[in-house]
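Nothing in this text is a laboratory measurement; each read-out follows from the coordinates by a stated rule. Predicted, not measured: the structure shown is a model, and the values here were computed from it. Cβ atoms come from the backbone with ideal geometry, glycine included; neighbour counts cover every protein chain shown.
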Amino acid sequence: MLHTDRTKPIYIQIAEWIETEVLNGNFAQDEKVYSQYKLAEMFTINPATAAKGLNLLADEGILYNKRGLGKFVTKQAKAIITDKRKNQTLKGLIEEIVVEAGQLDVSEEELIDMLQTMYKNRKGDAK
């Protein structure tokens, strides 16, 4: 479900939720995604807000419209989402971490060690 992230507009949260559903395989290529009305009902939001999230994904080439039928997942959706999250989201988070590390006088070596430790711990959790 949606995280109540008050810093992000709800339509962006809807778009990101659908992206995650695509990445997790809950919506396959050429499969219909939820309508704006279903999303509005699921998340107790205005249908126009849900439509804005769907339209954002269509503008990005993640969804396509079948007139009168709704929005469907494009063939290249997973690749677009992965690329976007690596090159925008992940890089943005890394930049924030590097800035914070600099403010705390954390060395590059310490930061890399912290990252490697976290990565190893996450891999261990996946087993």
Simple Cβ-charge dipole of the chain, Lys/Arg +1 and Asp/Glu -1, about Cα centre, in debye nearest 20: 900
At Thr117 and Lys38, where each label point lies 7 Å from the Cα along Cα→Cβ, what is the point-to-point distance in nanometres? 4.5
Determine the gain in length on full extension of the stretch Lys75-Gln88; use 0.36 nm per residue of separation and subtract their C-alpha separation, reporting nm with one decimal. 2.6 nm
Test item: Cα-centred dipole of region 60-127, Lys/Arg +1 and Asp/Glu -1 on Cβ, debye: 1120
What would the Debye formula give as log10 I(q)/I(0) at q = 0.19, 0.22, 0.23 Å⁻¹ for the alpha-carbon point model of the chain, no solvent? -1.05, -1.24, -1.30
Amide H to amide H under 5 Å from Val33: which residues, 5+ apart in sequence or cross-chain, H placed 1.01 Å off N in plane? Lys71, Phe72, Val73
Length gained when the stretch Thr20-Asn55 is fully extended (0.36 nm per residue, less Cα-Cα span): 11.0 nm
Apply 1/(1 + (r/R0)^6) to the Cβ-Cβ distance of Ala28 and Thr7, taking R0 = 25 Å, and write down the FRET efficiency to the nearest 0.05. 0.20
For region 70-109, diffusion coefficient by Stokes-Einstein and Kirkwood Rh (Cα), 4 °C, 1.567 mPa s, µm²/s: 105
